[in-house]
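Undergrad: Let me begin by handing over the structure; questions about it come next.
The values are calculated or read from the model by the stated rules, or taken from the named source; none is laboratory data. None of these values were measured; they are calculated from a predicted model. Cβ placement follows ideal geometry from the backbone for every residue including glycine, while neighbour counts extend to all protein chains displayed. These area figures cover heavy atoms from the full protein model, side chains too; ligands, DNA and RNA do not enter into them. Shrake-Rupley method; radii C 1.70, N 1.55, O 1.52, S 1.80 Å.
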Amino acid sequence: MARARVEDAAPQARLSDGSLARVIPSRFAGGYELDVAGTPQSHVDLDDPTHLHFEYVARMAAVIDRLRMPGQPLTAIHLGAGALTLPRYVEHTRPGSRQQVIELEQPLVDLVREQLPLARGAQVRVRIGDARDVAARLPAGLQGAADLVVSDVFAGSQTPAHLTTVEYFRMLAGLLAPDGVLLVNVADGAGLAFARREVATVRAVLPEVIVLAEVQTLKGRRFGNLVIAASAAPLPTEWLPRLMAAGPHPAKVAQGAEIDEFVRGASVATDADATASPKPAASIFDR
């Protein structure tokens, strides 16, 4: 009952679909979590932006750490704001980075800025609107200039269909520098039909692809998050398997022939036939 009272009193904002976004103390990792309609969306440790509690976010950060030279500022575009976990990480580890964040919900951005403020001087600009529409209208100076584009957009617990298609990923690829990297967060469960199609779709646009995930998730045995990293240029993959296997949970990097096998028989998603990502069982968030 005490926990329920704390969460009921948590700072919150009503979103456009009627759902509630709340900032609540994390029960397991310190810091705070952004919860939207019962789905944990982000974790933030204001004292240590390198403390990345969600495993898929840590895997994204592992890729980001290998971009350019260590500590070198990046030009980054984030589709989906959450609690700005990755923009905080990039700013902390690569001061002076130029970052754009696209988020549909102004009330969510206001809540996060008030309750979980960014570091003073952080060069993070937030643009409000649909991720695909706003990304297509970014200034010409960002076209072909991004070292990093992150697509991590969820409406509740699902990625909207129009943010899963080859047309969408072609538009994102146009934002990348010649050796820039696209990171995509994909949530899927048993069989990984949706994830296999997403990997095939991304690879139809950017030929160099790896997939990072917890071992059982990558085998399609449990619902979880898979990170797609893709580029027009070869990715530095030799260091990834050992890093991912180090934990905290057994993890794997699929590349090369494993990607060929992973996408075998999967069709490329288009605007005409795409579907939203599968909705997880509510029990998956009971921790």
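Undergrad: Please state which one of S97, S26, S16 is hydroxyl-bearing (S, T, Y) and surrounded by 18 or more Cβ atoms within 10 Å (Cβ to Cβ).
TA: None of the other options fit; the residue is S97.
Undergrad: Only one of these conditions is not met by V63: (1) open to solvent by less than 40 Å² (accessible area, probe 1.4 Å); (2) in contact with a helix residue (DSSP H, G or I) (Cβ under 6 Å, 6 or more places away or on another chain). Which number is it?
TA: Of the numbered conditions (1) open to solvent by less than 40 Å² (accessible area, probe 1.4 Å); (2) in contact with a helix residue (DSSP H, G or I) (Cβ under 6 Å, 6 or more places away or on another chain), the odd one out for V63 is (2).
A quick yes/no check of all residues on (1) touching a residue at least 24 places away in the same chain (Cβ under 8 Å); (2) of a type outside the set (S, T, N, Q); (3) part of a strand (DSSP E or B):
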| site | (1), (2), (3) |
| --- | --- |
| P178 | yes, yes, yes |
| V205 | yes, yes, no |
| R221 | yes, yes, no |
| N225 | yes, no, yes |
| I228 | yes, yes, yes |
| P234 | yes, yes, no |
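Undergrad: Based on this model, can you work out whether A200 counts as free of Cβ contacts under 8 Å to residues at least 60 places away in the same chain and out of contact with any strand residue (DSSP E or B) (no Cβ under 9 Å at 6 or more places or on another chain)?
TA: no
Undergrad: Regarding the range 201-219, can at least one residue be identified that is open to solvent by 30 Å² or more (accessible area, probe 1.4 Å), in contact with a Ser or Thr (Cβ under 9 Å, 6 or more places away or on another chain), of a type outside the set (S, T, N, Q) and modelled with pLDDT under 95?
TA: no
Undergrad: What tally of residues in the range 174-184 results from selecting those that are surrounded by fewer than 23 Cβ atoms within 10 Å (Cβ to Cβ) and either touching a Gly at 6+ places or on another chain (Cβ under 9 Å) or at pLDDT below 95 (or both)?
TA: Count: 4.
Undergrad: Restricting to the range 110-140, name every residue that is open to solvent by less than 60 Å² (accessible area, probe 1.4 Å), within 18 Å of the chain's Cα centre (by Cα) and either closer than 13 Å to L79 by Cα or among the hydroxyl-bearing types (S, T, Y) (or both).
TA: V124, V126, R127, G129, D130, A131, R132, V134, A135
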